[in-house]
Amino acid sequence: MQMAGARDRTRGDAGPVPQERDVRWAVLGWTGLVASTAASAPSTWRDWPTTTTLTVLVAVALTATGQFLLGRSRARRTGAPLVAVGVVWPTSVWGVVDHGAGPFLSWTLSGAAWALLGIAMLSYPSDLPWTRGVRIYVAVLVTVLVPVNVAQALVSQPEWNGFAAGAWWPALLPSRSWHVTTIVIYSTGCLALAAGAISLFVQRMRAASGIDRAALLPALLGVSTGAVIGAVTTSGQVLVASEQAWAAMVATQSIALLALPISVALTAVRTRLADVEMTKTVGQLVRPATPDAVERAVRTLLHDPSATVQFWSPERSGYIDGDGQPAVSGADRHRMTVEVHAASGDRLAQVVLDPRLGHHASLVDWTVTSIGLALENAWLQAQLRAQLGEVRASRTRILDAQLSERRRLGRNLHDGAQQKLLALSMRLEAARTRTSDETTQRELTEIKDQLRTALADIRDLARGLHPAVLTQAGLGAAVAEMVGRRSVPVLVDLPAQRLDELVESAAYFVISEAIANADKHAGAGTVSIRGRLLDGDFVLRISDDGHGGADADGAGLRGLADRVSALGGSFVVVSPPDGGTRVDVRIPAP
C-alpha cells in the first residue's frame, strides 16, 4: 500500500534529528550544568544546603527533559531552551553569596531563565507555530524579565535588593524613586505575564487537535503552577528584599519548576502507553472491515471525530462514501488529505483529516498503514454498495416510468376510447327514439347494453392501470373507492396524509391484489387493512380470515414483492393452511 499527500501538508517534517546534533547538545548541556553547579561558592552548600540541593536537582530534571525533547523531530524549539534553563538554574542560588558578582549574575540569569522557560513551553508539544498574539507575548516576556530586570539593578544598590553590601553591583544611576518605579513595573509585569501564559495555554488547548490537546493538559497544569508561583515569589522577594527572602524564593520556584518535567514525563508515558494500546486494538477496531468500521478506527486512533474515509470509484471517476454515494470533495484547502494507493499503484481511497494533524504525519502514516488490509476490504464493500445503490436507483426509475405510463394509458382510455364509446351510446339512443320499427329498436337496445358493458370494462381497465382518484385524493380515498366495488366486507384504517406517489402506488396495488385474492380465492368473511407511519417508513398490514395457503411465490405476489423491494422496502406473506392470510409491507416514506 502506498500513500501520498500526508507529508506535503506537515510544514516540512524533517524526520529524525541527526545523532551528531543529539551528542553535541548533550555535551554542551551537561558540561554547562556541571560547570554552573561547581561554580557555586562553598558557602552556599554550607549555609543553604536545602536550597542549593533543590536548584541542582531541578537543573538536572530540566536538562534531562530538554535532552529528551531534543530527540524528537518536532520538539527542538522546546528542548533547546529547557537545556539552557537547566544550565543556568544553579546560578539562582548565588544570590546568597556576600561577595563578588554572584548576586548580580543570579539576579540577571534567573530572569533570563524564566524567559527561556516561557519560550520553551509556548512551543510545546510539537513545535507549534506561533501566532501573532504569542509573538507579542514573547516580546513582552523578554523585555520584562531581562532589560527591566537589568535596569532595576542599574538604578539601585545591592542592599536595596536584599543582597550583601560588599557584592559587586553595576549601580550606574542609583535612585530610590527610579528603583521603586522599576520594582512596580517588574512586579506588575510578572503577575500579568503569569496570567497571560495561562490564558495562552487555555486558548491553545481549545484550538489544538485531539492528540495535542491530550499532551497539553499536563503541560497546562505545570505551566499554571510554575507561572503563578514564579510570579508571586519573584514579586514578594523584590518587595521584601532580604537574603532569606531570596533563598526562600529560589527554593519555592525550584519546587514549582519540577511540575514542568513531571508534566512532560507524564505526557511521554501516556503517549507510550497509548501507542501500545493502539497497536493492540487497531485490529479489533476494523473487525468486521466495513467502511463504517474503518472510518471509526481512523477517528479513534487519530482523535479526530471529523475524519472521513472516501473510496475511489473508477466507474464514476470520483470518490464515494461508505454508503456508495458521491462524497463531498476532499480537496478543501482547509482540510488535510492523505491519498492511499493499492500495491498495484491504483488509486484506492483518500482520508480527509483535521489539518492540525499535519504536525503528526508519522502517526497518520502509521494509522493508514495499520488498517491497510481492512481499507482494501472496505473499498470492495463500498464499490458493492455503490453498485447496489445504482441498481436500486435504476429499479426506482423503472417504477417511476411504469407509473407514468400507467397514468398515460389510463388517461388515454378515459379521454379517448371511453368518450368515443359514450358518444356512440348517445347516438344509438337517439337513433332508437327516432325509429318506430320494434325490431330495430330491440336490436339497438341490445347493442347499447353491450356498449354499456364495454364501457364498464374500460373503466375497470383504467382503474387497474392507475386510478385517477389515487393521484387526485391519495391512498385512503382510492382504497375506499376500491372496497366499495367488492363483495367482501373490508375494514380500512389508513393515515390521512399524502405519501410519495411511488409509495402510494405500490401500497394501492398490494391492497388491491390482497383484497382480490381474499374475495375470489380465499373465501374470506372479512378483510382488515391497517397502515401507519413509523420511524420514517409506511407500515401496512392486510389480513383476512380465509382458508389461507396463498402462494407467496406466485406471479401476482412475486411481482408485488419486487415492486416493494425496488423502493427499498420489505414484503412478507404469512398464509398457513386454514389460518387466514397476512401480508406485511414496510416501505421507506421520504
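The values are calculated or read from the model by the stated rules, or taken from the named source; none is laboratory data. These numbers come from a predicted model, not from an experiment. As a convention, Cβ positions derive from the backbone with ideal geometry for all residues, glycine included, and neighbour counts pool all protein chains shown. We work out accessible area using only protein heavy atoms, side chains counted, and drop any ligands, DNA or RNA first. Shrake-Rupley method; radii C 1.70, N 1.55, O 1.52, S 1.80 Å.
A few notes on this one:
- Residue check for Ala165: open to solvent by 60 Å² or more (accessible area, probe 1.4 Å), at pLDDT below 85 and either over 21 Å from Val93 (Cβ atoms) or out of contact with any Gly (no Cβ under 9 Å at 6 or more places or on another chain) (or both): yes
- Selected residue (criterion: surrounded by the most Cβ atoms within 10 Å (Cβ to Cβ)) from residues of the range 66-105 that are among the small types (Gly, Ala, Ser), over 49 Å from the mean Cα position of the chain (by Cα) and assigned to a helix (DSSP H, G or I): Gly95
- Filter result (among the β-branched types (Val, Ile, Thr), more than 17 Å from Trp89 (Cα to Cα) and at pLDDT 85 or above) within the range 99-141: Val134, Ile136, Val138, Val140
- The one condition in (1) under 28 Å from Arg206 (Cα atoms); (2) open to solvent by less than 70 Å² (accessible area, probe 1.4 Å); (3) in a loop (DSSP other than H, G, I, E, B) that Val328 fails to fulfil: (2)
- In the range 287-342, residue modelled with the lowest pLDDT [restricted to those that are among the basic types (Lys, Arg) and closer than 14 Å to Pro355 by Cβ]: Arg333
- Filtered residues of the range 504-541 (kept if open to solvent by 20 Å² or more (accessible area, probe 1.4 Å), polar (S, T, N, Q) and assigned to a helix (DSSP H, G or I)): Ser512, Asn517
- Of all residues in the range 551-572, those that are touching a helix residue (DSSP H, G or I) at 6+ places or on another chain (Cβ under 6 Å) and free of Cβ contacts under 8 Å to residues at least 60 places away in the same chain total 3.
Residue by residue, here is whether (1) at positive phi; (2) in contact with a strand residue (DSSP E or B) (Cβ under 8 Å, 6 or more places away or on another chain); (3) not aromatic (Phe, Trp, Tyr) holds:
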residue: Ala477; (1), (2), (3): no, no, yes
residue: Arg485; (1), (2), (3): no, no, yes
residue: Val490; (1), (2), (3): no, yes, yes
residue: Ala496; (1), (2), (3): no, no, yes
residue: Val503; (1), (2), (3): no, yes, yes
residue: Ala518; (1), (2), (3): no, yes, yes
residue: Gly536; (1), (2), (3): yes, yes, yes
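- Residue check for Gln152: farther than 25 Å from Ala84 by Cβ and polar (S, T, N, Q): no
- Selected residue (only one of Val572, Val585 is open to solvent by 40 Å² or more (accessible area, probe 1.4 Å), modelled with pLDDT of 90 or more and not in a loop (DSSP other than H, G, I, E, B)): Val572
- Filtered residues of the range 113-136 (kept if open to solvent by 30 Å² or more (accessible area, probe 1.4 Å), touching a residue at least 24 places away in the same chain (Cβ under 8 Å) and assigned to a helix (DSSP H, G or I)): Trp114, Leu116, Ile119, Gly133
- Within this structure, Thr108 fails the test of being open to solvent by 40 Å² or more (accessible area, probe 1.4 Å), of a type outside the set (Lys, Arg) and either more than 25 Å from Thr252 (Cα to Cα) or part of a helix (DSSP H, G or I) (or both).
- Subset of the range 430-450 (residues that are outside any loop (DSSP other than H, G, I, E, B) and of a type in the set (Gly, Ala, Ser)): Ala430, Ala431
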